[in-house]
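The values are calculated or read from the model by the stated rules, or taken from the named source; none is laboratory data. Predicted, not measured: the structure shown is a model, and the values here were computed from it. Note: ideal-geometry Cβ built from the backbone for every residue, glycine included; neighbour counts use all protein chains shown. The accessibility values were calculated without ligands, DNA or RNA, using every heavy atom of the protein model including side chains. Shrake-Rupley method; radii C 1.70, N 1.55, O 1.52, S 1.80 Å.
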Amino acid sequence: MIVVSDTSALIALCAIGKLDLLRELYREVLVPTAVVVEVIAGGTARNNTNEILSASWISPREVDPRALAEFRPQLGEGEAAAIALACSLPADIILIDERLGRRVAEDQGLRVVGVLGILLAGKRVGLIGALGPLLASLEADLGFRIGRSLRDHILVAAGEIPRP
């Protein structure tokens, strides 16, 4: 399975101590070099930069500048590069959370999974005990916005709250 990630998915999972979920679920994650640059540029603001950069299962890849040019006007560098890389491979999954990036990726026919989908997948295969505290950590520590209905949907799907 070919999986490509943008920066935000790596940062969010690393911040809540769940970066290894990607290795457990997908074995290898490809990232464009623009994502590596964004991780480095975050420096100390992103506490676990070294964990991301030293993960042997995260593999940087170059992106054809012509493919990248198609997505640059509307997206950030990392998102644009991740979508361009995913399209060129083609990838089975792209890990991306930002609304516009998700829409552009879906318009390209890519299967999009976000941090919440990764966490739910980890819960379903027994790699995570409880999602509720992780969702709270995403919101409190990273300012991750999770609407009440989405939170409830995820927790129902995870079997942590009853169906309404």
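Brief remarks follow.
- The residues in segment 106-133 that are among the β-branched types (Val, Ile, Thr), open to solvent by 20 Å² or more (accessible area, probe 1.4 Å) and in contact with a helix residue (DSSP H, G or I) (Cβ under 6 Å, 6 or more places away or on another chain) can be counted, and the count is 1.
- When segment 148-164 is limited to residues that are among the small types (Gly, Ala, Ser) and open to solvent by less than 40 Å² (accessible area, probe 1.4 Å), the one that is nearest to ARG124 (Cα to Cα) turns out to be ALA158.
- Residue within segment 72-80 that is within 29 Å of LEU127 (Cβ to Cβ) and open to solvent by 20 Å² or more (accessible area, probe 1.4 Å) present: yes
- Where a residue in segment 98-118 is acidic (Asp, Glu) and its partner, wherever it lies, is open to solvent by 20 Å² or more (accessible area, probe 1.4 Å), with Cβ under 7 Å and at least six apart: GLU98/SER8; GLU98/GLU79; GLU106/VAL112
- Counting only helices (runs of 4 or more DSSP H) that fall entirely inside segment 1-109 and contain at least 2 residues that are modelled with pLDDT of 95 or more, of a type outside the set (Ser, Thr, Tyr) and out of contact with any Ser or Thr (no Cβ under 8 Å at 6 or more places or on another chain), the qualifying elements are 20-26, 77-88, 99-107.
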